[in-house]
Amino acid sequence: RKDRMPEEYFDVVDGNDVVVDRLPRSEVHRRKLHHRAVHVLVSNSIGELFLQQRALTKDCSPGLWDSSASGHVTSGDDYDETAPREVEEELGVRLPAAPERLFKLPSSVGTAFEFCWIYRATHEGPFVFQASEVRGGAWFTPDAIDEWVDRRPQDFANAFLEIWRHLRRATR
């Protein structure tokens with residue numbers, strides 16, 4: 001159970017993403033301090049994007065649809081080592097190399113005060129979900145995601161909405 005596990009520590013960063021402190025996850029979230037996260041967008045060979053549905057037990061955005069894999073950067077780690085680890089933890093896939101960096105979002109209310117590096121990877125599945133993180137998932141075309149986001153934005157984690165809007169603006 002979560003309450004018996006030692007608490008994760010995050011690097012607290014300033015407005016320029018420079019480490020200024022190290023605090024427990026609960027404290028970082030409670031005080032809304034800037035910290036770091038990664039999101040990996042996994043596409044298949046026909047251009048569909050895999051979205052995960054977050055586990056109902058998650059403390060943030062339970063049951064909502066989100067990036068293929070995502071997670072906090074643990075204190076002392078960096079973005080590039082966290083991205084493939086999250087893909088392996090959540091989807092059961094070991095990437096042959098670090099995924100390609102797409103863009104970085106600044107820390108904001110919309111990202112829950114996380115500086116987010118967004119990565120792209122290609123994989124055909126199948127995936128093996130970590131039940132404590134992922135309820136399920138499915139492949140979607142970008143057009144289907146556009147339509148769903150427009151119709152029911154409440155189905156998605158806030159950070160994914162920020163990422164998707166940025167990505168779609170950049171590709172139009």
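The values are calculated or read from the model by the stated rules, or taken from the named source; none is laboratory data. Everything numeric in this text was worked out from a predicted model, so none of it was measured. Side chains are part of the model used for accessible areas, which takes the heavy atoms of the whole protein and leaves out ligands, DNA and RNA. Shrake-Rupley method; radii C 1.70, N 1.55, O 1.52, S 1.80 Å.
Of the listed residues Arg169, Arg31, the order by accessible area with a 1.4 Å probe, largest first, is Arg169, Arg31.
Calculated from the structure at hand, Cα Rg over 2.2 N^0.38 Å is found among [x] 1.07; [y] 1.12; [z] 0.99 as [z]. Need one number: % antiparallel among DSSP beta bridges in the chain, to the nearest 5. Of those bridges, close to 70 percent are antiparallel. Which percent of the accessible area of the chain is formed by carbon and sulfur heavy atoms (probe 1.4 angstrom)? For the chain, the apolar C and S fraction of the accessible surface comes to 51 percent. Each Cα pair under 8 Å and six or more residues apart adds its separation to the average, and for the range 49-172 the resulting relative contact order is 31 percent.
By how many nm would the segment from Val109 to Asp143 grow when fully extended, if each residue of separation counts as 0.36 nm and the alpha-carbon distance is taken off?
My answer for the length gained is 9.6 nm.
Counting only protein heavy atoms and using a 1.4 Å probe, the accessible area of Trp139 comes to about 70 Å².
Amide H contacts under 5 Å for Glu8: Arg25, restricted to partners 5 or more places along the chain or on a different chain, H placed in the peptide plane at 1.01 Å from N.
Per residue, the solvent-accessible area of the chain (1.4 Å probe, heavy atoms of protein chains only, all protein chains present) comes to 53 Å². If I build a Gaussian network model for the chain, linking alpha-carbon pairs within less than 10 angstrom, which residue out of Glu133, Glu27, Glu114 has the largest mean-square fluctuation? Highest fluctuation among the options: Glu27.
Accessible area ranking (1.4 Å probe, heavy atoms, ligands and nucleic acids excluded), largest first, for Glu7, Glu48, Glu86: Glu7, Glu48, Glu86. When Arg101, Arg25 are compared by accessible area at a 1.4 angstrom probe, the order from most to least is Arg101, Arg25.
Mean-square fluctuations from a GNM of the chain, with a 10 angstrom spring cutoff on Cα atoms, peak among His123, His34, His72 at His123.
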